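Q: Structure provided below as structure tokens; questions to follow.
Rule-based calculations on the coordinates, nothing more; no lab input. Just so you know, these numbers come straight off a predicted model, no measurement behind them. A quick note on method: Cβ atoms are made from the backbone with ideal geometry, for glycine too, and the neighbour counts reach across all protein chains shown.
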Amino acid sequence: MASASAETASSSSQIATAAASPTTERRGIPAAQFVEDVQTFLSQLDLDVNSALAFLQERLQQYKLVEMKLLAQQRDLQAKIPDIEKCLDIVATLQAKKEEGEALTADFEVSEGIFSRARIEDKDSVCLWLGANVMLEYSCDEATVLLQKNLENAKASLEVLIADLQFLRDQVTITQVTVARVYNWDVHQRRIRQAAAAAANES
Amino acid sequence: MQHEQAEKSDTVVTWEDQQNINKFSKLNNRFHELEDEIKFAKETNDNLEDAGNELILTDEDIVRFQIGEVFAHVPREEVEIRIEEMKEVNSKTLEKLEKEKETVLAQMNELKKILYGKFRDSINLEED
């Protein structure tokens, strides 16, 4: 079914129609058109080989830019998730200590390489850094709920991001294959022309 | 980062071929990601082992155990239990990653057979 719809794409006069190609774009990333036949593709675009290759190369550059951006976002999220998990761990430890009724002694970093000791007795509430220079006090239960929600959101965002990256890589692969095929078609055409010219000279 | 090149001189490339190539590319990326993740999991495993060994050697009753950014004073038995739990979780993760890596490799080999079968020398699916 997919190849049939791709054929209708190349026979129509538009570069990418929503009904014909599998997906036209995903969250702002344009889909690469799959080329069934190089000749049809070139006449459809109404470009000669070099312009077509230039167009495809430009597309590849655009894809690269988007890929950099998405990879950076992915790295940020992948760093954020263990952070949130550590916060959840601390809140859980505080709650456990509260049950036992003991104070929690901890060594914390005051400055690089300098630590100080703290004894935490009141464990009913924690302060959470929300970003933008804002810190709010929550009860341990509320804090756990909020941190859990943040963790789930971060994981969901990461999944969407990974799917975006996969879509992007597919489009890059399709475009690279198209570049190779257009180039080879051109070489093939030149050979045919040379052979025809040689045959014409001989006759 | 393209390690596969496709030069198709006279063979026709169908949408199915393209999808196979795309799938191979995605699997290859996932394979490299898995290798990194497995390396990290193995390092964590070693660190936990070392921590466990240090714990046995020390004769202090209160151990400074890192939770988040602070080092909490935790009794030794509790630290032992925690480290054991972390080792369990980590080895399960490592096992899962190794299994996924095997599946990915198997799928990649399948696709290699199909693609080399159709394109022979016109395609290169090896690492550079």
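Q: Can you give the average number of partner chain beta-carbon atoms within 10 Å of each beta-carbon in peptide A:114-121, as a whole number?
A: Values: counts 0, 3, 0, 3, 2, 1, 2, 0.
Mean number of neighbouring Cβ atoms from other chains: 1.
Q: Also, quick follow-up: Quick check for me: using +1 on Lys/Arg Cβ and -1 on Asp/Glu Cβ, what's the dipole size of the stretch A:91-203 about its Cα centre, in debye to the nearest 20? Kindly include the intermediate steps, with their values, before the conclusion.
A: Working: 12 positive and 18 negative charges, 240 e Å.
In total the dipole reaches around 1160 debye.
Q: Give me the one-decimal nm value for the distance between modelled label points at A:Ala156 and B:Glu95, 7 Å along each residue's Cα-to-Cβ direction.
A: A separation of 3.2 nm, rounded to one decimal place.
Q: By per-residue mean of other Cβ atoms within 10 Å, what is the highest-first order of B:105-114, A:25-34? Numbers along the way, then the final one.
A: Working: B:105-114: 14.0, A:25-34: 17.0.
My ranking of the peptides, most packed first, is A:25-34, B:105-114.
Q: Given charges of +1 on the Cβ of Lys and Arg and -1 on the Cβ of Asp and Glu, with all other atoms neutral, how large is the dipole of chain B about its Cα centre, in debye to the nearest 20?
A: On the way: 18 positive and 33 negative charges, 184 e Å.
For this selection, approximately 880 debye.
Q: Let me ask something additional. Take B:Ile38, project a point 7 Å from its Cα along the Cβ direction, then tell me which residues of the stretch B:92-128 have their backbone nitrogen under 15 Å from it.
A: Once the point is set 7 Å along Cα→Cβ of B:Ile38, B:92-109 turn out to lie under 15 Å by backbone N, inside the stretch B:92-128.
Q: Over the stretch B:15-122, what is the relative contact order in whole percent, taking alpha-carbon pairs under 8 Å and six or more residues apart? Display every interim value, and only then the final one.
A: Values: 63 pairs, mean separation 41.7, N = 108.
It rounds to 39 percent for the stretch B:15-122.
Q: A further question on this structure: Please build a GNM for chain B, connecting alpha carbons under 10 Å apart, and tell me which residue among B:Glu88, B:Glu37, B:Glu16 fluctuates the most.
A: B:Glu16
Q: Calculated FRET efficiency, B:Asn45 and B:Glu102, Cβ-Cβ r, R0 22 Å, to nearest 0.05? Write down the numbers at each step before the final one.
A: Details: r = 19 Å, r/R0 = 0.85.
With a Förster radius of 22 Å, E is 0.70.
Q: Ignore the peptide's own chain and count Cβ atoms of other chains within 10 Å of each Cβ in A:100-109; give me the average, rounded.
A: Values: counts 0, 0, 0, 1, 5, 7, 11, 6, 5, 3.
Taking the mean over all residues of the peptide, I get 4.
Q: Which of the aspartates and glutamates could a cross-linker span from A:Lys69 if the Cα-Cα distance has to be under 20 Å and same-chain partners fewer than 8 positions apart are dropped?
A: Excluding near neighbours in sequence, the set is A:Glu25, A:Glu58, A:Glu159, A:Asp164, A:Asp170, B:Glu33.
Q: Say the dipole of chain A comes from +1 at the beta carbon of Lys and Arg and -1 at that of Asp and Glu; which of A:Ser111, A:Gln78, A:Gly101 then lies farthest toward its positive end?
A: Projecting each Cα onto the dipole axis, the largest value belongs to A:Gln78.
Q: Can you spot the lysines whose alpha carbon is less than 20 Å from B:Lys23's alpha carbon? Ignore those fewer than 8 places along the same chain.
A: Within the straight-line cut-off, B:Lys23 pairs with A:Lys64, B:Lys8, B:Lys99, B:Lys101, B:Lys112, B:Lys113, B:Lys118.
Q: Enumerate the lysines that A:Lys97 could reach by cross-link, defined here as Cα to Cα under 27 Å, with residues fewer than 8 away along the same chain left out.
A: A:Lys80, A:Lys86, A:Lys123, A:Lys149, B:Lys87
Q: Moving on. Between A:His188 and A:Ala118, how many nm apart are label points set 7 Å from Cα along the C-beta direction?
A: Between A:His188 and A:Ala118, the label points sit 7.0 nm apart.
Q: Still on this structure: Counting only residues 5 or more places away or on other chains, whose amide H sits under 5 Å from the amide H of A:Thr105 once H atoms are built in the peptide plane?
A: Close amide H contacts, sequence-distant or interchain: A:Ile120, B:His73.
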